[in-house]
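I have placed the structure first, in the form of structure tokens, so that the comments after it can refer back to it.
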Amino acid sequence: MPDTSALPVARTIAELREIVSGWKRQGFTVGFVPTMGALHEGHLTLVREAGQRADRVVASVFVNPTQFAAHEDLGSYPRQEAQDAELLAGAGCALMYAPAVGEMYPANATTTISVGAPAEGLEGVFRPQMFGGVALVVAKLLNQVQPHVAVFGEKDFQQLIVVRRLVRDLDIPVEIVGSPTVRDGHGLALSSRNAYLSAEQLEVARRLNGVLAEAGAKASAGERIDEVEAAAREALLTAGYAHVDYVAIRKADDLGEFGSGVVDGPARVIAAAWLGKTRLIDNMAI
Ligand SMILES: Nc1ncnc2c1ncn2[C@@H]1O[C@H](COP(=O)(O)OP(=O)(O)OP(=O)(O)O)[C@@H](O)[C@H]1O
Ligand SMILES: CC(C)(CO)[C@@H](O)C(=O)[O-]
Ligand code: BAL
């Protein structure tokens, strides 16, 4: 496929390595932002953050099949590479890495990665496929790019924790930076999947962050965690969400449970809920 803009595009590991090793020979540091494309201001904020921390920024655009279950939206996930390249160039990215599925996963690839406990609760319950696929592709991407620093969004908070553990446990020499969630004017976390929402669903979607903020306020005021979680679940259903996978109040550093029934340390409220066929996630510090 030809390059889609003025931004250089590497399609193979060899092309990527040639460019990145050239930068390193010149003494430049390298920042990396992995994405699945359909870029929005949330992704571009990560690119700018990486640009603050490194001399050259690589962004990958790869819709990773191993993190989707068979019934999920791999086929319909939005793909808009030409526009993504323009947006990345505008945010100061120096190289887009967009490998084909066959480049990332040769036919005889058999290695899997299981991160263990950080990947098991919350998203791990409802999307059991996901973190194995994320860990595998992130480990491969970090080995391919070999950046000094990689930036991930707090919007996918459990993913950030899983990636931190992966990098620590496998001794991958990279600094992992978490970047705060970028929201629209109504507080809705920007997400590529918001493009699936009808105008009516968008109105309901925008209630999620308010419900989480209210739950957070109640929990930090000392109300029982299970009661706060149940009330927030009810509030989401009343707002028009079709189904709530979870609303949970967890420890801020590792998303572990508080044993006491009340919040007694730094905490986060985290949720996943459905509007029609679209699944939204959000979280915030409380
Ligand atoms: N609103 C946001 N604020 C900050 N970071 C974000 C935001 N949305 C996505 N990111 C981060 O961008 C990176 C790539 O995410 P991804 O391509 O899956 O985008 P997405 O919009 O979250 O898509 P999806 O709808 O599939 O969740 C991840 O590190 C993710 O946390
Ligand atoms: C980190 C990631 C790019 C791995 O495919 C993906 O999970 C995402 O976009 O958050
Ligand atoms: N944005 C996290 C990756 C996923 O939803 O599959």
Checklist entry - Taking one equal scatterer on every alpha-carbon of segment 1-147, how large is log10 of I(q)/I(0) by Debye at q = 0.13 1/Å? => result -0.61
Item to check | Dipole moment magnitude, nearest 20 debye, segment 192-285 about Cα centre, only Lys, Arg, Asp, Glu C-beta charged | outcome: 320
Next on the checklist: Quick check: Cα centre of segment 174-218 to Cα centre of segment 258-282, how many Å?
Outcome noted: 12
Checklist entry - Using bins 5 angstrom wide from zero, how does P(r) for the chain break down, in % of all Cα pairs? => result 1, 5, 12, 15, 18, 17, 13, 9, 5, 3, 1, 0
Item to check | Length released on extending from residue 202 to residue 169, taking residue separation times 0.36 nm less the Cα-Cα span | outcome: 7.9 nm
Checklist outcome for this item: Between residue 71 and residue 28, Cβ-based FRET efficiency (R0 41 Å, step 0.05) works out to 0.40
Checklist entry - Which of the lysines could be linked to residue 155 by a straight reach, that is with a Cα gap under 23 Å, when you skip same-chain ones fewer than 8 residues away? => result 140, 218, 251, 277
Item to check | Under Karplus coefficients 6.51, -1.76 and 1.60, residue-wise ³J(HN,Hα) of segment 185-198 in Hz, glycine/proline x | outcome: x, 9, x, 6, 4, 5, 7, 4, 6, 4, 5, 6, 7, 6
Next on the checklist: Could you tell me the relative contact order of the chain? Use alpha-carbon pairs under 8 Å, at least six residues apart, and round to a whole percent.
Outcome noted: 17
Next on the checklist: Looking at the chain only, what percent of DSSP beta bridges run antiparallel? Nearest 5 please.
Outcome noted: 50
Checklist outcome for this item: With a Förster distance of 22 angstrom and the Cβ-Cβ distance between residue 246 and residue 221, calculated FRET efficiency to the nearest 0.05 equals 0.50
Next on the checklist: Can you give the FRET efficiency to the nearest 0.05 for residue 230 and residue 109, using r as the Cβ-Cβ distance and R₀ = 45 Å?
Outcome noted: 0.55
Checklist outcome for this item: What one gets for segment 43-83 as the Kirkwood radius, inverse of mean 1/r over different Cα pairs in Å, is 12.5
Checklist outcome for this item: Expressed in nanometres to one decimal, the distance between label points 7 Å along Cα→Cβ at residue 117 and residue 6 is 5.0
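Read-outs: derived from the displayed coordinates by stated rules, not from any lab. As the structure is a computational prediction, the values presented were derived from the model and not from experiment. Virtual Cβ from ideal backbone geometry, glycine too; neighbours counted across all protein chains shown.
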